[in-house]
1. Restricted to the range 1-14, and to residues that are exposed (fewer than 10 other Cβ atoms within 10 Å of the Cβ) and within 13 Å of the chain's Cα centre (by Cα), which residue is modelled with the highest pLDDT?
2. Within the range 20-47, how many residues turn out to be basic (Lys, Arg) and in a loop (DSSP other than H, G, I, E, B)?
3. May I ask you to say which residue of THR17, THR86 is polar (S, T, N, Q), in a loop (DSSP other than H, G, I, E, B) and at pLDDT 90 or above?
4. Within the range 26-74, restricting attention to residues that are of a type in the set (Gly, Ala, Ser) and surrounded by fewer than 16 Cβ atoms within 10 Å (Cβ to Cβ), which residue is nearest to LEU91 (Cα to Cα)?
5. Note down all Cβ pairs under 6 Å where the first residue falls in the range 76-87 and is more than 17 Å from ILE66 (Cα to Cα), the second is assigned to a strand (DSSP E or B) and basic (Lys, Arg), and they're at least six residues apart or on different chains.
Amino acid sequence: MQKIMPDVIKNKPVKVTEHRVGTIYRQTYQEGKRVQTYDVEVKNYVNLPNEKELKTAFTISNMFEIATTYQLKKMEKDTTYFNYITTNYPLKWYVKPFLNVRKV
């Protein structure tokens, strides 16, 4: 995890489920001197030989709801398709005008 998320300094399971969906991890994130802790819930988990998917969701500072999806699909012997999707949804009305929301 440190390679893809170097600012996460702790990642401990809080609730573990048999099929991973519903599992909750408590992550501690450090950016400069600021340290935040939040609970990340696994929303979807697929672990097949030719396809992998992990979808998580968490709330930061009661201000944003973040959802991330990581997808890997084997295309050919030496080729893998990687797709990363993230959504940031503001939870406070006064934050919305400051966001430049656009689809790419």
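The values are calculated or read from the model by the stated rules, or taken from the named source; none is laboratory data. Since the model is a prediction, treat every value here as computed from it, not as a measurement. Ideal geometry is used to build each Cβ from the backbone, glycine not excepted, and the neighbour counts take in all protein chains shown.
1. Only one residue fits best here, namely ILE4.
2. Step one: of the range 20-47, the residues basic (Lys, Arg) are 20, 26, 33-34, 43.
This time we only want the ones that are in a loop (DSSP other than H, G, I, E, B), so: 20, 33.
Residues flagged as basic (Lys, Arg) and in a loop (DSSP other than H, G, I, E, B) within the range 20-47 amount to 2.
3. So the residue among THR17, THR86 that is polar (S, T, N, Q), in a loop (DSSP other than H, G, I, E, B) and at pLDDT 90 or above is THR17.
4. Here the residue is SER61.
5. Close Cβ pairs (under 6 Å, with a partner that is assigned to a strand (DSSP E or B) and basic (Lys, Arg)) amount to THR80/LYS74; TYR81/LYS73.
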